[in-house]
Amino acid sequence: MNNWKIFANGLLKENPTFTLLLGMCPTLGVTSSAGNGLGMGLATTFVLVMSNMVIALVKDFIPDKVRIPAFVVIIATFVSVVEMSMQAYLPSLFASLGLFIPLIVVNCIVLGRAEAFASKNNPFRSILDGLGMGLGFSMALTLLGSVREFLGSGKIFSLAIYPEDYGMLVFVLAPGAFLALGFLIAIINKLKAA
Amino acid sequence: MNKLTVSPSPHVHSGDSVKKNMYGVIIALMPALLASLWFFGVGALVVTLTSVAACLLFEFLIQKYLLNRAPSILDGSAIITGLLLAFNLPSNLPIALIIIGAAVSIGIGKMAFGGLGNNPFNPALVGRVFLLISFPVQMTSWPLPIASRMSYVDALTGATPLAVLKEGVKSGQSMAELTEKIPSSINLFLGNMGGSLGEVAAIALIIGLAYMLIRRIITWHIPVSVIATVLIFTGILHLVDPQQYVSPLFHLLTGGLLLGAIFMATDYVTSPMSHPGMIVFGVGIGVITVLIRVFGAYPEGVSFAILIMNAFTPLINKYIKPKAFGEVAKPVKA
Amino acid sequence: MAKTESTLVNMLLTLLVIAVISGASLGYVYKLTKAPIEQAKAAKQQAAIKDVVPEFDNDPLAEAKTLQSEDGLELKMFPAKKAGELVGVAVETLTNNGFSGEIRIMVGMQPDGTIINYRVLDHKETPGLGSKMEEWFRPQAPKADATADQETSFAKWLYGIKASGGGNRSIVGMNPGKNKMIVSKDGGEVDAITAATISSRAFLDAVVRAYKTYAKEANLSTDAVSGATTKEGGKNYE
């Protein structure tokens, strides 16, 4: 597999949200707006790239039987770094994502890529894989966030397209997340099949 | 139609068909429709016509262009969905919202799952709950009966008896104070109160129930178990503290309880198949309805209760199976 | 390079090393971000205070005082002074009576308790309903010109959107010591947010609590307030 393929794999073919259906908690929880989706996606991307890189570097030192606890500690460290930095330098984004940032630790994508890819490949390829998966995840969350924000409150990235009163509130709330995700997956499957 | 169908005996046909039963339900809905026209006049007419027409249109468009099937809009199911959706809406609901509701009912509630027979949730209720959550302002302004006969969107509005009750209890008013604000039982029975257009007239709904029971379109199990559960549950609460909990009769006659129990919980597709299963289903709806009405944030909970129990239907069907003909009950293996 | 064997010593050592390294790096990042995090929090409070009281030249954060409300909640009071004279107070108040969870509001008052402005700091009310309180209780912006209104009136009719102006929505200029600050449905002077009466009640509850707590501190009369709250049967109606 060449480097480009590793990177592109996460974008569409094995897109974590639309194809693998991993990490559904943040996907459904934070995507009430495009901005939140993008912020969460990029935070996850950072964690993915860093943890993939570190795990690929130290994989040979870690005995097999304790690899999962070791991976979790490494991932949790980077998540805490993201949490603290965001609180310090992006307080407004932190206010809207707050609760979900610590949950990146248990996001299946991060541990999944560590286990399935980084523990078997060299650091450079692992970084590429993390970047591809992360960007695929960000893309999906931003798309879902845009759809929900547009249908729910008439805005995209807080930019008003039509007056808020005409929006269908359900899309900003949790049930709308399920509806929007379901239909997005259906459309993407249809496009892929075509 | 030249194909020979081989099927196991008996080969006697009762003349039942999807279409026949569906039109039976439509006939049973007519008394309630007439009552709503009497109380809400023009508004009821506009809402009902828009809803039915939009449901038929979406059914046709989706079947023909999205699913590439032969459209079957005249089997009556889309008409029922349209009627039930309209019955669950306030009679001053603007046209655009009715059309959105119809699109959600048919598109998301029914066709997304594969059409008639495959939908786990009652389509009309999916549409109603979607609208209620999306447009809470428009969906909770209820036209006054009779006074608003000649007007549509600009009708005079007031609160439903259930909303009056919830507001009153929340702000600490005594039951005696509240009883004055609530219409008398006879008015509740006839339907002279604020509410969605098909739910107000208890008597018309009961006539519909009687018709469906006589024609054997439905059995008594679901409606009776829902209603009995609500009566018993609220009756106990009322006996414990009559100052805080209103009488069971009030719960029976207000809101969408009768409409839900008679017409929506009994939908063939989304309710259990066996009679014991139906009773479990009905009891569940009754309990959830009372929990939402008495302890929840919304004044009315019938539609949520039915949707929640719809989700349990496959589970009920799995564990409470109808006995096959000739089968002897076997002791369950531990 | 050969993979490390899964012996007990190896496993313990590896996990220990990893834990020590991540602990150390987290400690370092914590030290690095501690000051900015506090600054960001202070800046948020400062901005909220600036929003709700007249211009001041002291440091309200330094002079802040923690007060106890009647029902035992902790409120923070920030006095705003200009040239040593008290020009207003900002009170960070809260209520638990919301539709879901706590609502925190910064209320700005003149020294006599007349409300100048407010800012919702934190809430979990329903988006599009309870969340409207961020703007609802302020004076209405003057209506856009009539021609623009005309063009959209058909769409408004189609969706049943009614002009939401009029009524007594604004709490600015009211004084909880003199006005009955409960929703008009309960016999008060403030119109509730359409279809969000519970959130509106909770909002006013927080505002009145801010006033009562401040008034007790500053020895203002609270007659009208107690009159207004008897109907609620004390403090909590939920």
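The values are calculated or read from the model by the stated rules, or taken from the named source; none is laboratory data. Since the structure is predicted, the reported quantities are computational estimates derived from the model, not experimental observations. Glycine gets a Cβ as well: all are built from the backbone with ideal geometry, and neighbour counts include every protein chain shown. The area values use the complete protein model at the heavy-atom level, side chains included, leaving out ligands, DNA and RNA. Shrake-Rupley method; radii C 1.70, N 1.55, O 1.52, S 1.80 Å.
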* Structure fact -> Distance in Å, no decimals, from the C-alpha centre of the range C:1-45 to the one of the range C:64-126 is 39 Å
* Asked: About its Cα centre, what dipole magnitude does the protein assembly as shown give when the only charges are +1 on Lys and Arg Cβ and -1 on Asp and Glu Cβ, stated in debye to the nearest 20?
  -> 2300 debye
* Counting each DSSP H run of 4 or more residues in chain B as -39500 (n - 2.57), what helix-only mean residue ellipticity at 222 nm follows after dividing by all residues, to the nearest 500 deg cm²/dmol? -> -17000 deg cm²/dmol
* To do: Mind jotting down the distance between the C-alpha centroids of the range B:66-142 and the range B:262-318, whole Å?
  => 19 Å
* If you count, for every residue in C:14-20, the Cβ atoms of partner chains within 10 Å of its Cβ, what is the mean? -> 5
* Structure fact -> chain B: relative contact order from alpha carbon pairs under 8 Å, six or more residues apart, as a whole percent, is 17 percent
* Structure fact -> Between chains A and B, the summed loss of accessible surface on complex formation, probed at 1.4 Å and reported to the nearest 100 square angstrom, is 700 Å²
* Averaging sequence separations of C-alpha pairs under 8 Å and six or more residues apart, then dividing by the length of chain A, give the relative contact order as a whole percent. => 36 percent
* To do: Take the alpha carbon atoms of the range A:154-187, find their center, do the same for the range A:27-77, and report the distance between the two centers in whole angstrom.
  => 28 Å
* To do: Take B:R215, project a point 7 Å from its Cα along the Cβ direction, then tell me which residues of the range B:32-66 have their backbone nitrogen under 17 Å from it.
  => B:32-35
* Mean Cα-pair separation over length for the range B:18-138, i.e. relative contact order, pairs under 8 Å, 6 or more apart, % -> 26 percent
* For the protein assembly as shown, what size does the Cα cloud have along each of its three principal axes, sorted from largest down, in whole Å? -> 81, 79, 62
* Kindly compute the accessible surface that chains C and A hide from a 1.4 Å probe when together, both sides summed, and give it to the nearest 100 Å². => 2500 Å²
* Specify which residue in the list B:I146, C:V120, C:L12 is farthest towards the positive end of the charge dipole of the protein assembly as shown, using unit charges on the beta carbon of Lys, Arg (+1) and Asp, Glu (-1), about the Cα centre. => C:L12
* Asked: Taking the Cα centre of chain B as the origin and placing charges on Cβ (Lys, Arg +1; Asp, Glu -1), which of B:A201, B:A159, B:F130 is farthest toward the positive end of the dipole?
  -> B:F130
* Give a residue-ordered list of calculated ³J(HN,Hα) values for the range C:111-125 (Karplus: 6.51 cos²θ - 1.76 cosθ + 1.60, θ = phi - 60°; whole Hz; x for Gly, Pro). => x, 8, x, 5, 6, 8, 6, 8, 8, 7, 8, 7, 7, 10, 5
* Asked: Ordering C:K216, C:K156 by how much accessible area each has at a 1.4 Å probe, largest first, what is the list?
  -> C:K216, C:K156
* Asked: Taking amide H positions as placed 1.01 Å from N in the peptide plane, with prolines and chain starts having none, which residues 5 or more places from A:F157, or on another chain, fall under 5 Å of its amide H?
  -> A:A34, A:G35
* To do: Starting from the amide H of B:W142, placed 1.01 Å from N in the peptide plane, find each other amide H under 5 Å away whose residue is 5 or more places distant or on another chain.
  => B:G158
* When the distances between all Cα atoms of the range B:193-334 are binned every 10 Å from zero, what whole-number percent does each bin get? -> 12, 39, 32, 13, 4, 0
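With all protein chains present and a 1.4 Å probe, how do C:W157, C:W136, A:W4 order by accessible area, largest first?
A:W4, C:W157, C:W136
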* **Solvent-accessible heavy-atom area per residue, rounded to whole Å², over the protein assembly as shown at 1.4 Å** => 47 Å²
* To do: Report, in deg cm²/dmol and to the nearest 500, the calculated mean residue ellipticity at 222 nm for chain A, where each DSSP H run with n ≥ 4 adds -39500 (n - 2.57) and the sum is divided by the residue count.
  => -21500 deg cm²/dmol
* Would you kindly compute the Cα radius of gyration of chain B and its largest Cα-Cα separation (Dmax), both in Å? => 20.5, 72
* Evaluate 2.2 N^0.38 Å with N set to the residue count of the range B:18-138, then give the Cα radius of gyration divided by it. => 1.01
* **chain A - charge dipole about Cα centre, Lys and Arg +1 at Cβ, Asp and Glu -1, debye rounded to 20** => 540 debye
* Structure fact -> PRE zone check, label point 7 Å out along Cα-to-Cβ of C:E134, amide N under 15 Å, scope the range C:39-53, hits C:48
* Structure fact -> Here FRET efficiency (C-beta to C-beta, C:S170 to B:I26, R₀ 41 Å, nearest 0.05) is 0.20
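Using only Cα atoms, what is the ratio of the radius of gyration of the range A:108-170 to 2.2 N^0.38 Å?
Values: Rg = 17.6 Å, N = 63, 2.2 N^0.38 = 10.6 Å.
Its radius of gyration relative to the 2.2 N^0.38 Å reference: 1.65.
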* **Nearest-10 value in Å² for the accessible area of C:E125, using the 1.4 Å probe** => 10 Å²
* Dipole magnitude of the range B:161-319, debye to nearest 20 (Cβ charges: Lys/Arg +1, Asp/Glu -1, about Cα centre) -> 360 debye
* How long are the three semi-axes of the equivalent ellipsoid for the range B:146-245, computed from the Cα gyration tensor as the root of 5 times each eigenvalue, in whole Å, largest first? -> 27, 23, 10
* Structure fact -> Descending accessible area (1.4 Å probe), largest on the left, turns A:V79, C:V17, B:V294 into C:V17, B:V294, A:V79
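Share of the protein assembly as shown's accessible area from carbon and sulfur, percent, 1.4 Å?
That share works out to 66 percent.
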* Kyte-Doolittle mean at least -1.0, axial Cα span of 20 Å or more - DSSP H helices of chain B -> B:18-61, B:221-240, B:275-290, B:302-319
* **Accessible surface of C:H123 - all protein chains present, 1.4 Å probe, nearest 10 Å²** => 40 Å²
* Structure fact -> Charge dipole of the protein assembly as shown built from unit charges on the beta carbon (Lys, Arg +1; Asp, Glu -1), centred at mean Cα; most positive-end Cα among C:T197, A:S158, B:L259 is B:L259
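Stretched out fully, how many nm does the piece from B:Q243 to B:L61 gain, at 0.36 nm a residue minus the Cα gap?
Computed gain between B:Q243 and B:L61 is 60.2 nm.
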* Asked: R0 = 35 Å: FRET efficiency of A:A160 with B:A53, Cβ-based, nearest 0.05?
  -> 0.60
* Structure fact -> proj_area_mean for chain A (convex hull on C-alpha atoms), units nm², value 11.7 nm²
* To do: Check every DSSP H run in chain A and write down those whose alpha carbon atoms cover 15 angstrom or more along the long axis and whose mean Kyte-Doolittle hydropathy is 1.0 or greater.
  => A:34-58, A:67-89, A:174-193
* For A:C25, what accessible area in Å² do you get when you roll a 1.4 Å probe over the heavy atoms of the protein chains, rounding to the nearest 10? -> 70 Å²
* Regarding the range C:43-218, what is the average projected area of its C-alpha convex hull, in nm²? -> 11.5 nm²
* Apply 1/(1 + (r/R0)^6) to the Cβ-Cβ distance of C:K65 and B:S72, taking R0 = 60 Å, and write down the FRET efficiency to the nearest 0.05. => 0.25
* For B:S274, distant residues with modelled amide H under 5 Å away -> none
* To do: Would you please put A:13-21, B:179-187 in order of how densely packed they are, using the mean number of other Cβ atoms within 10 angstrom per residue and starting with the highest?
  => A:13-21, B:179-187
* Asked: Highest mean first, what order results for A:62-75, C:197-210 on Cβ atoms within 10 Å?
  -> C:197-210, A:62-75
* Asked: Within the range A:3-193, how many Lys pairs sit with Cα atoms under 18 Å apart, leaving out pairs fewer than 8 places apart on the same chain?
  -> 7
